[in-house]
1. Scan segment A:177-184 and give yes if some residue there is within 12 Å of another protein chain (Cβ to nearest Cβ), surrounded by fewer than 19 Cβ atoms within 10 Å (Cβ to Cβ), modelled with pLDDT of 90 or more and not in a helix (DSSP H, G or I), otherwise no.
2. Would you be able to say whether some residue in segment B:133-156 is under 24 Å from B:Glu326 (Cβ atoms) and touching a strand residue (DSSP E or B) at 6+ places or on another chain (Cβ under 8 Å)?
3. Looking only at segment B:84-99, which residues are surrounded by fewer than 22 Cβ atoms within 10 Å (Cβ to Cβ) and of a type in the set (Gly, Ala, Ser)?
4. Yes or no: A:Asn253 polar (S, T, N, Q) and under 30 Å from A:Asp309 (Cα atoms)?
5. Give me the pairs: first residue in segment B:95-106 and over 13 Å from B:Thr179 (Cβ atoms), second residue in a helix (DSSP H, G or I) and modelled with pLDDT under 90, beta-carbon distance under 8 Å, and six or more apart or on different chains, which are they?
6. Taking the conditions exactly as written (in contact (Cβ under 8 Å) with a residue 12 or more places away in the chain, over 25 Å from the mean Cα position of the chain (by Cα) and farther than 19 Å from B:Trp380 by Cα), does A:Arg107 satisfy them or not?
7. Out of all the residues in segment A:93-102, is one or more part of a helix (DSSP H, G or I) and free of Cβ contacts under 8 Å to residues at least 60 places away in the same chain?
8. Report yes if A:Gly7 is small (Gly, Ala, Ser), modelled with pLDDT of 90 or more and over 21 Å from the mean Cα position of the chain (by Cα), otherwise no.
Amino acid sequence: MPDMDAGSRRIFLHVGLYKTGTTFLQNLWRANRGRLAQQGVYYPGGRDGPVQIFAVSDLFGRRPRGGEDRIEGRWDELTEAVGASPHPVTLISDESLSLATVGEARRAAAGFTDREVHVVVTVRDLGRALVSSWQESVKSDETWTWQDFVDRVRDPAVRNQFPARSFWIRQDLTAVLESWQAAVPRERIHVVTVPPPGAPKDLLVERVGEVVGYDAANLTETPTSESWDNRAMAAADAEVLRRFNQILDHRLNERQYHRIVKRILAPRLAQHGNPGRVGLSPDDRAWVAVEARRIVDDLTAGGYQVVGDVSDLIPAESQTGPRPDAATTDEKLDAALHGLAELAEEYATLWWDGSGARPDSSRSADRRGGGWRSRIRATRFRTKRGLLSLADRSRVAAGALNGYVRLREARRRRAASRS
Amino acid sequence: MPVTKRRVVLHIGLHKTGTTYIQGVLRANRERLASSGVLYPGGKGQPSHTFAVYDLFGRRPRGTGDDRITGQWESMTRLIAESDLPTAMLSEEATSLASAAQAKKAARSFGDADMQVVVTVRDLGRVALSAWQEDVKTDELWTWREYADALADDAARAKAPARGFWLRQDVPAILDVWTRVVPADHVHVVTVPPVGSEPGELLRRVGSVVGFDAGALVEPESWDNVSVGATGTELLRQMNQRLHRQLNQRQYHDVVESDLAPILAAAGVSTAAGADRLRLPEADHAWVTREADRMIEGIQACGVPVVGDLADLRPRFDDSGRPPGEVTDDELLDAAIDALAGLTERFARAKWRRRGRDSDAIGDAAPTGARVGSATRSAWFRGKRAAVNLADRNPVAEKALGAYLRRRNRH
């Protein structure tokens, strides 16, 4: 065990940004908790460990509707667990930390007084962040069309209104860095760029590893969760879900929506559809590039440590493409039907696992002697059905059955003509 | 002293002739029926008509649980034997599937009772459409064209789906079975009045045989005729293609019948009245007319009493509604999204009722100090969210928020 003076004990707060592969990273770290620990990195959580997302919710005072009682006291629980950890390095990851105000950032840092606090910010080019933010809004019960969303994000007059506010508060790197540098010295703030499309996925894990101090090659456990890889959405899926939200009209609370849509429906849709390449119109790419350049300029001027290439943050010409909601009726119908079948199956299974489907024994209490006759009838019925379904598959059996049916009919006609 | 024999009236269907409606009204009026001397079993603690008949046939739908069915027929016959009421009525359309031997067994179960059989019969065109729709609602995949062509083809009668249909709808064959068991004048054909007839007419006709006054019965409040329409039916059919029979009969029934059908029916209400009703395509007029004539002649040949009018059974072809399957992809997409949203809502609520583990608040263990801090942050957060929501509606609040957002980072 290394010596533990203040300088050698560090905590890295990975604060997002949103839509920069955080789900992917977190699931990977979660699955490799043991392997990180072997390298001296404590990633809180696990069976009896503190739940990071609850702790951060508690830090902010956020209480997701329907899960209020799970949050209280969780931030202190986390800081205590970190304090008690023997590992020299701790890693905390929650993209909602990017929303911290100066006060909240300071409060977060103050939770770890015996550690050297570092901040890691993963950043992706603004064009892909825009597409992915719209897709996320759709997966979060919102109903903005793609074009509406983009226009509002672009228009300075409505920046403080939803949904533009919500986008910029998450994606304006300059503002996020400003908040955190009030709580943590600038040289301990590390900006990691997300590699451009086509780059190996492990590259991002490696880049963060360089900062935190783990060897990415050792994180060999694969996450098991169905939705661990938060893939881009196919245009048809996004559009179906958006219209679905319109009809649902916010009748579900956040957690109900999360459980069914985020955990079941959206991942099932993603498994089925193949997300084609989507992108920005040339006009939209142009203004997004201007915003992205402003962010990169601020970043460079601020003198923050950057891992990766800042030019990756500016949407390239090649990023123009079909809109993320451009799907044919056929594709949308296919997606909707697929979702419907998957959901029906899940629902039926839930219902089946519940008590509703258990045989009701009270009705059969009174069967005095009827039991064995009843069972013989059951056997005969099953045999007959077996023969009938054979007839549907085998021509010989069908011929025999047909003969039998005709014979019965003829007999009936003879009987009728006699009467 | 001579004792009047008990009358047992077996309403044997047919399928898709308004049996659900009839049974719904009778169920809601058990006491009124009893006061006019008619026992209609199925009340609390009594065997169900359906399970009793399943038991008679040895049928065990997958997922129902054998225990609910075993012994139900014997329980039913005993209940009737022990009743003081002069008449007992059983209504279950699956009874129409009885073979001669099964029919005989059914009749014998009631000893020397005066057995009467009621057969409700409806225009074959409507019946065929409903039967196809019912098949789709029970996880089948065939299109109307495939289905109708099979019904029209004599050579296909021994195979699904024609076999299932004619087993249920070949009126002469069914009458033949029952007239071997009870005298022909004890078998009553009740025709279903055509669309547009006075409501309650069918029940009045049935009542005239059984011996109750239909006018004295009250309709149950929640009698909702779940009509899924051309669009909903096609949607279910295409959904079935993707389900690949992964649900058992009872699971399927519960999801589709109890959840999806009402959702689709409610969504269909918004379409122009009747526009989505199924209509028989012209290609089917000829064979339907031919078969309907055969039914009518068969009934006449049997010499059984008819309540209503045999002319009711002659198919009427009109222009309202639309042929099955003639649905655009856009309509299907709308319906699919409706169904998806409706099902999600029901699913979420079902899951919500079952949560429970979540309420084991771990926060209880937190020391008082931490709880107070936590509660303060929570109140602050709620206040902020309310302010932000206000800003989305109110320009003054929006300006204030803008100023706050700008200043936040430059304290």
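The values are calculated or read from the model by the stated rules, or taken from the named source; none is laboratory data. Bear in mind the structure is a predicted one, so any value in this text is a computation, not a measurement. In this analysis, Cβ positions are derived from the backbone assuming ideal geometry, glycine residues included, and neighbour counts consider all displayed protein chains.
1. Just the residues of segment A:177-184 that are within 12 Å of another protein chain (Cβ to nearest Cβ), to begin with: A:177-183.
Right, trim to surrounded by fewer than 19 Cβ atoms within 10 Å (Cβ to Cβ) and you get A:178, A:182.
Still in the list and also modelled with pLDDT of 90 or more: A:178, A:182.
With the extra rule that they be not in a helix (DSSP H, G or I), the set shrinks to A:182.
Looking through segment A:177-184, at least one residue is within 12 Å of another protein chain (Cβ to nearest Cβ), surrounded by fewer than 19 Cβ atoms within 10 Å (Cβ to Cβ), modelled with pLDDT of 90 or more and not in a helix (DSSP H, G or I).
2. Scanning segment B:133-156, I find at least one residue that is under 24 Å from B:Glu326 (Cβ atoms) and touching a strand residue (DSSP E or B) at 6+ places or on another chain (Cβ under 8 Å), so the answer is yes.
3. B:Ala94, B:Ser99
4. Values: polar (S, T, N, Q): yes; under 30 Å from A:Asp309 (Cα atoms): no.
No.
5. Listed by first residue and then by second, the contacts come to B:Leu97/B:Phe57; B:Gln102/B:Phe57.
6. Working: in contact (Cβ under 8 Å) with a residue 12 or more places away in the chain: yes; over 25 Å from the mean Cα position of the chain (by Cα): yes; farther than 19 Å from B:Trp380 by Cα: no.
Answer is no for this residue.
7. Our first condition is that a residue be part of a helix (DSSP H, G or I); within segment A:93-102, this holds for A:95-99, A:102.
Still in the list and also free of Cβ contacts under 8 Å to residues at least 60 places away in the same chain: none.
So far as segment A:93-102 goes, no, none of its residues is part of a helix (DSSP H, G or I) and free of Cβ contacts under 8 Å to residues at least 60 places away in the same chain.
8. Numbers: small (Gly, Ala, Ser): yes; modelled with pLDDT of 90 or more: no; over 21 Å from the mean Cα position of the chain (by Cα): yes.
Against the criterion (small (Gly, Ala, Ser), modelled with pLDDT of 90 or more and over 21 Å from the mean Cα position of the chain (by Cα)), A:Gly7 does not qualify.
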